[in-house]
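See structure below.
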C-alpha cells in the first residue's frame, strides 16, 4: 500500500514491533556492558580521602597527589578492544611497545610479541566471575595482567560419595592459563574464577595456532623431557604427566646464587636438578675461649636446649622442695615486715615519716629478695601523682616507685613484679660457614628436611625443575617422597656432627703449625718463605677444608 505523491511504504505493525524490541535489547546489552566495564573506565577519576573534612579535600585537590602508575591506561585498553583487522600498522607498533614490557610477555622473543600485538584483546572480569569452566570446550588463551584467578577442580570424594570443588592454585599477574586445552584439543581441565577485579589479555583459538602454539609446544616438551629424566615419574599415566607439566616450573640460577634458604626460593616446592652443581652451606656459631695459650671451642645454639645430667635433674626437680621451704620462710618474714610497716603508718599520719617508713620497708624487701634484678613497686597512699617526677621515683637496683591516681583514702599497698631477663649471646662468639654436602644432576631437595641456618648455593650454572609438594604427595607411589626425606635427613650431617668436624680440623691445623714451627726452630738456616709464597689455589683449598 502506497500513499499519494509517491510516499514511503508503510511498515507492517509486527515488523515495527520487532525492530523496537531489537533496539531495546541492544540498548540493555550496551548498558550491561558499560556497567560491567565501569571499573576500568573510571580509573582516572580521583578518589579523595576524608569526605567530611572539606579542608583536607581542598588540600588534596590543590596538591594533586601522585596517581598510581597503571600497566595499561584507558586509551590502551580501548585500543586493545578494537578488532584485529581494523588496527593500523601504527596502532600495532604502539601495542607492541606497551605489551612488550608486561610480565606475561617477557618470555617471548620480539617477533612473537609483534604477532601478539596484532591479535590480542583486552578483557575485564569483576569479582567472582567464572572465566573458564571445567569440561567445557576451549575457545581462548588468557594472560593475567592484574588481579588474581583461583583455579579449582571437581574431584570425586569417596567419603561423601559426591563431587566436591577443590582449589589447586592461584594465578597472579604474569601467569598464563588455558593453553593445555588448546594445545591438546581437549576440554577444559579446571575451572578458573576471579578473586577480585581482574584484567586479562585474550588470545583466540585460531590466533593461538598461528602465533603461540610452536612456543608453547617447545616449553611443554622441555618439561616433559625433564620429568622423563627422573625414574620417579615412570609410573605416572598420561593424564598425570600432563598435570605435572602444567604445575611444573623451570628455573635457572647463576653461580653463587642462592637457590633455597635465607628467605629466598620457592617454598612448598621440590627442586629437581637437571644440570650443574650446588652446595649446602650451614652457619655455625662458635664460642672461642683461650686458656693457658690454647683455644677452646664450644657450640652456641640457642634453639636447642642444653642436655641435662643426672645431677642437674635431681637439682631441678627434687631440690625444688627445699626452695619452696625457703620461699615460704622469706614470705613470712615479708608479711611480718609489711604488717609492722602498716601499723606504724596508721599510728603516724605524718607524710614525711610515712615516706621514710615506706623507703625503709622497701630496703628491707630488697635485702630479703637480693636475687631480684628488676622490681616495680606501686604505692597507693594519697592518690596524688608526684609533681617532682612525671611517673614516679626510681631507686637504686631497678626499683621504680609509681603513684597512680585513685581514691585518696586507700591504704598503702606494695606490689612486686619480677621481669624476666632476656638471654644475650656471649661476646666471644664467632660465625663460621661450613659446606655440608653437594648436589649433582639427578639430585633433589626441598622435601621438608631441616633447613635451619642452612642455604643452598649454586657452584655452577644450575637448571632446576620445580614441582609442588602437594601434587607429589597426592601421587606418592610406594611412599617414595617420604622415604627420600628420611634418607636426606639421615645422610646430611647434623649441626653437632659438623661442629665435631670443625673442631678436629682446627686441632689438626694447630698441630701442623706447631710441628712446622718446631722443625723450623731446630734448623740453623734462615727461612725467608712466607704465606704469600704459597699459591692461591692451595690456600683456597685449605680455607675450604677448614671453614
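The values are calculated or read from the model by the stated rules, or taken from the named source; none is laboratory data. Keep in mind that this is a model prediction, so the values were computed, not measured. We place every Cβ from the backbone using ideal geometry, glycine too, and count neighbours over all the protein chains shown.
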*State whether one or more residues within the stretch 159-176 are touching a residue at least 24 places away in the same chain (Cβ under 8 Å) and more than 21 Å from residue 219 (Cβ to Cβ).*
yes
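A quick yes/no check of all residues on (1) in contact (Cβ under 8 Å) with a residue 40 or more places away in the chain; (2) buried (at least 18 other Cβ atoms within 10 Å of the Cβ); (3) in contact with a helix residue (DSSP H, G or I) (Cβ under 6 Å, 6 or more places away or on another chain); (4) under 27 Å from residue 287 (Cα atoms):
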| residue | (1), (2), (3), (4) |
| --- | --- |
| 440 | yes, no, no, no |
| 445 | yes, yes, no, no |
| 454 | yes, no, no, yes |
| 470 | yes, no, no, no |
| 478 | no, no, no, no |
| 489 | yes, no, no, yes |
*Give just the number: which of (1) at pLDDT 90 or above; (2) surrounded by 15 or more Cβ atoms within 10 Å (Cβ to Cβ); (3) under 31 Å from the mean Cα position of the chain (by Cα); (4) in the same structural domain as residue 140 (by TED's automatic domain parsing) does residue 220 not satisfy?*
(1)
*What pairs can you find where one residue is in the stretch 285-314 and modelled with pLDDT of 80 or more, the other is surrounded by fewer than 10 Cβ atoms within 10 Å (Cβ to Cβ) and assigned to a strand (DSSP E or B), and their Cβ atoms are less than 9 Å apart, with a gap of 6+ or different chains?*
296/290
*For the stretch 441-453, state whether one or more residues are in a strand (DSSP E or B) and assigned by TED's automatic domain parsing to the domain that holds residue 275.*
yes
*Across the stretch 228-244, what is the total count of residues that are in a helix (DSSP H, G or I), out of contact with any strand residue (DSSP E or B) (no Cβ under 7 Å at 6 or more places or on another chain) and closer than 26 Å to residue 277 by Cβ?*
4
*asked:* I'm trying to understand the selection: among the residues of the stretch 494-547, which are surrounded by 11 or more Cβ atoms within 10 Å (Cβ to Cβ), in a helix (DSSP H, G or I) and modelled with pLDDT under 80?
replied: 520, 539, 541, 542, 545, 546
